[in-house]
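Enquirer: Handing you this structure, nothing more for now.
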Amino acid sequence: PNEPPLVFSWFPVVGSTITYGMDPPRFFRENRAKYGDIFTFILLGKKTTVYVGCQGNDFILNGKAKDVCAEDIYTVLTTPVFGKDVVYDCPNSKLMEQKKFMKIALTTQAFQSYVPIIADEVSSYFKKSADFKGKSGIVNIPPKMAQITIFTASHSLQGKEIRHKFDETLADLYHDLDMGFNPVNFMLHWAPLPWNNRRDHAQRTIAKIYMDTIKERRAAGKSDAQDMMWHLMGSTYKNGTPVPDHEIAHMMIALLMAGQHSSSSTSSWIMLWLAARPDIMEDLYREQVENLGADLPPLQYEDLAKLPLNQAIIKETLRLHAPIHSIMRAVKQPMPVPGTKYVIPPSHVLLSAGGVTATDPTFFPDPDTWEPHRWDKDSPIAPRMVVKNEDEEEKIDYGYGLVSKGAASPYLPFGAGRHRCIGEQFANVQLQTITAMVVREFKFRNVDGSNKVIGTDYASLFSRPLEPANIHWEKRNA
Ligand code: HEM
């Protein structure tokens, strides 16, 4: 009786699965217009309650562990892919400790060493790739960005040994592993289907590669790289147990998978927008020349802070294309919604869609336009967010350091609360470095010269550009 309104559908069980799945942002917008900020729809037979708007973001993402639970929803998909005893295959308190271990490895010092590694990977990729031979050409950009993302992430986060294996076996294995993230696996994760068999084989093989590397490093007594693996090898749970090798291996898989999809699709959107807006690509080039010097010296971590437009490119792209459009939680006990008559019963799933506020004209004037200059000081279309200053902002210790509570923000591409992303800074360093290096090398434009970009593919768990997404490239020094 006190449940939120139910979205009408002609179909039992299937409910609104299809209309939601084809275009989630549109589904949210249309139903928000009809029913308000809270409404329920049927997703694969489950009553799924969407709560959009800033209060909704806060209600779901800052939900207490006794009320909401992520692992109940995600584990069927993630555990066969990552492996046992990590992330959503363990109690939340253990995940909090694991996130703390992973976070500790992502220091300023680490980022200082990553930027040259990432920059070198990008330039050598374009030197070697057959698709970028000559002075100009046309290329379907997303598969290229997927490779650049995995080479840069594996080299910086996982070290040289692992990076080299991506030229040989690891790329295909990760591809097979990826098949486990097909959304049909929410229902068919257990089934002995060909793609699930390949997923399981890939998981075992990759985990063994990491475990062998750990053993080799331990036998050698030291490691020349103080990377993520090295940090995890030295980490101990609060109860005194050192992190077991298989958990290190599974966390390495989880980190690479979590980062790969989101960063790869974001970098593809960046390149597509640069092709649609060659004027912005020129602004970026000028920014580097003016702020780093006309000779464009090798890129360093410290340089990134001197390139505000380059940073705004990432922010603006994530505003329109957050790769995770729906964040889900199982409801553990009846949850009254403050300020309303509604109570969400435990049979429901809660769904948070931060993209709705990120494209709401209340907060972002001219919301559907990709305009990185909106993040400039004094822009007439600057974001209208309540930005509290540092001291006012409430911070909470979720077990991996103080994080901003800010779940009521309209802009949350990295989530909020206890499940908030630990990879935000890494992703920013990686994406800013890739963008800066591409801008040094190329001029892009759309093949038809228009300023439009292609639509979004929502068929996999992480949204990304539809393909083929062709762009025209031309080398600057040609
Ligand atoms: C969690 C987005 C890159 C590791 C999350 C969440 C979001 C997100 C929205 C919250 C999920 C939820 O609440 O259910 C992004 C975006 C990225 C990115 C947009 C890049 C553009 C990365 C990278 C890494 C990473 C590079 C690893 C180095 C994680 C981890 C979690 C997480 C470990 C925690 C999951 C949890 O506590 O349940 N990310 N992410 N992410 N992300 Fe990221």
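Enquirer: To the nearest 20 debye, what charge dipole does the chain have about its Cα centre, counting +1 at the Cβ of each Lys and Arg and -1 at the Cβ of each Asp and Glu?
Expert: Charge dipole of the chain: 740 debye, to the nearest 20.
Enquirer: May I ask for the net charge around residue 283, where only other residues with Cβ less than 11 Å from the Cβ of residue 283 are counted and Lys, Arg are +1 while Asp, Glu are -1? Can you show the working numbers first?
Expert: Values: positive: 277, 286; negative: 279, 282, 287, 290, 376.
Cβ neighbours under 11 Å give a net charge of -3.
Enquirer: Could I ask something else about it? PRE reach from residue 340 (point 7 Å along Cα→Cβ): which of region 4-20 fall under 20 Å by backbone N?
Expert: 4-9, 16-17, 20, by backbone N distance to the label point.
Enquirer: Just to confirm the filter: which chymotrypsin sites (Phe, Trp or Tyr not before Pro) across region 157-202 are DSSP coil and have at most 16 other Cβ within 10 angstrom of their Cβ?
Expert: Passing both the DSSP loop test and the Cβ count: 190.
Enquirer: Positive end of the charge dipole of the chain (Lys, Arg +1 and Asp, Glu -1 on Cβ, about the Cα centre): tell me which of 412, 255, 111 has its Cα farthest that way.
Expert: Projecting each Cα onto the dipole axis, the largest value belongs to 255.
Enquirer: Where Lys and Arg each count +1 and Asp and Glu each count -1, what net charge lies around residue 25 among other residues with Cβ under 11 Å from its Cβ?
Expert: That works out to 0.
Enquirer: Moving on. Gap in Å between the Cα centre of region 336-359 and the Cα centre of region 239-264?
Expert: After rounding, the separation between the Cα centres reads 30 Å.
Enquirer: Nearest 500 deg cm²/dmol is fine: what mean residue ellipticity at 222 nm does the chain get from its DSSP H runs of n ≥ 4 alone, each adding -39,500 (n - 2.57), divided by its residue count?
Expert: -15500 deg cm²/dmol
Enquirer: Here's another thing I want to ask about it. Two-decimal Rg/Rh of the chain from alpha-carbon positions, Kirkwood Rh? Can you show the working numbers first?
Expert: Numbers: Rg = 22.4 Å, Rh = 23.5 Å.
Rounded to two decimals, Rg over Rh is 0.95.
Enquirer: How many Å³ per residue does the convex hull of the Cα positions in region 285-331 occupy?
Expert: Spread over its residues, the Cα hull of region 285-331 gives 112 Å³ apiece.
Enquirer: Would you mind ranking 292, 193 by Cβ crowding within 10 Å, fewest neighbours first?
Expert: With the fewest neighbours first, 292, 193 line up as 193, 292.
Enquirer: Please arrange 250, 201 by counting, for each residue, the other beta carbons lying within 10 Å of its beta carbon, fewest first.
Expert: 201, 250
Enquirer: I've got another one for you. Compare the Cα positions of 179, 11, 242 along the charge dipole of the chain (+1 at Cβ of Lys, Arg; -1 at Cβ of Asp, Glu; about the Cα centre) and return the one farthest towards the positive end.
Expert: Of the candidates, 11 comes out farthest on the positive side.
Enquirer: What distance in nm separates the simple spin-label points at residue 474 and residue 62, each placed 7 Å from Cα in the Cβ direction?
Expert: It works out to 5.1 nm between the two label points.
Enquirer: While we're here: Rg and Dmax of region 68-153, using alpha carbons, in Å: what are they?
Expert: Final numbers for Rg and Dmax: 18.7, 54 Å.
Enquirer: From the convex hull of the Cα coordinates of region 1-59, what is the mean projected area in square nanometres? Could the numbers behind the result be given before it?
Expert: Working: hull surface 16.8 nm².
Mean projected area of the Cα convex hull: 4.2 nm².
Enquirer: Can you list the residues, at least 5 places off or on another chain, whose amide H is less than 5 Å from the amide H of residue 464, using H built in the peptide plane?
Expert: 457
Enquirer: How long is the gain from residue 135 to residue 188 if the chain were fully straight, where each residue apart is worth 0.36 nm and the alpha carbon distance is subtracted?
Expert: Here the segment from residue 135 to residue 188 would lengthen by 14.4 nm.
Enquirer: While we're here: Take every Cα-Cα pair in region 98-142 and report what % of them are more than 18 Å apart. It would help to have the intermediate numbers written out before the result.
Expert: Values: 518 of 990 pairs.
Here the tail beyond 18 Å accounts for 52 percent of pairs.
Enquirer: Right, next: Using only C-alpha positions, report the orientation-averaged shadow area of the convex hull of region 303-369, nm², one decimal. Mind dumping the intermediate values first?
Expert: Numbers: hull surface 27.8 nm².
The orientation-averaged projected area of the Cα hull of region 303-369 comes to 6.9 nm².
Enquirer: Hey, rough spin-label estimate for residue 302 and residue 164, points 7 angstrom out along Cα→Cβ, what's it come to in nanometres?
Expert: Going by the 7 Å Cα→Cβ label model, 3.3 nm.
Enquirer: When Rg is the radius of gyration of the Cα atoms in region 144-184 and Rh is its Kirkwood radius, what does Rg/Rh come to?
Expert: Ratio value, two decimals: 1.02.
Enquirer: Find me the longest stretch of the chain that has none of the exposed GluC sites (Glu not before Pro), where exposed means in a DSSP loop (not H, G, I, E or B) with at most 10 other Cβ atoms within 10 Å. Write down the numbers at each step before the final one.
Expert: Details: sites that count: 168, 390, 392, 394.
Result for the longest clean stretch: 169-389.
Enquirer: Mean projection of the alpha-carbon convex hull of region 205-328 over all orientations, in nm²?
Expert: 11.9 nm²
Enquirer: Which whole-number percent is the relative contact order of the chain (Cα, under 8 Å, 6+ apart)? Write down the numbers at each step before the final one.
Expert: Details: 754 pairs, mean separation 123.7, N = 478.
Result for the chain is 26 percent.
Enquirer: Run the paramagnetic zone check for residue 459: 7 angstrom along Cα to Cβ, then residues of region 16-39 with backbone nitrogen under 17 Å.
Expert: Backbone N within reach: 18-24.
Enquirer: Mind checking region 298-367 for trypsin sites (Lys or Arg not before Pro) that DSSP puts in a loop (not H, G, I, E or B) and that have at most 14 other Cβ atoms within 10 Å?
Expert: Hits after loop and neighbour filter: 306, 341.
Enquirer: If we restrict to alpha carbons, what Rg and Dmax does region 164-234 come to, in Å?
Expert: Radius of gyration, then largest Cα-Cα span, for region 164-234: 15.3, 45 Å.
Enquirer: Where does the charge balance sit around residue 418 when Lys and Arg score +1, Asp and Glu -1, over other residues with C-beta under 10 Å from its C-beta?
Expert: Residues near residue 418 contribute +3 overall.
Enquirer: Something else: Using r as the Cβ-Cβ distance of residue 76 and residue 290, and R0 as 51 Å, what FRET efficiency do you calculate, to the nearest 0.05?
Expert: Working: r = 51 Å, r/R0 = 1.00.
It comes out at approximately 0.50.
Enquirer: Can you list, bin by bin at 10 Å, the percent of alpha carbon pairs in region 47-199, starting at 0?
Expert: 9, 24, 31, 26, 10, 1
Coordinate-derived values only; no laboratory data. Since the structure is predicted, the reported quantities are computational estimates derived from the model, not experimental observations. FYI the Cβ positions are ideal-geometry reconstructions off the backbone, even for glycines, and counts take in every protein chain you see.
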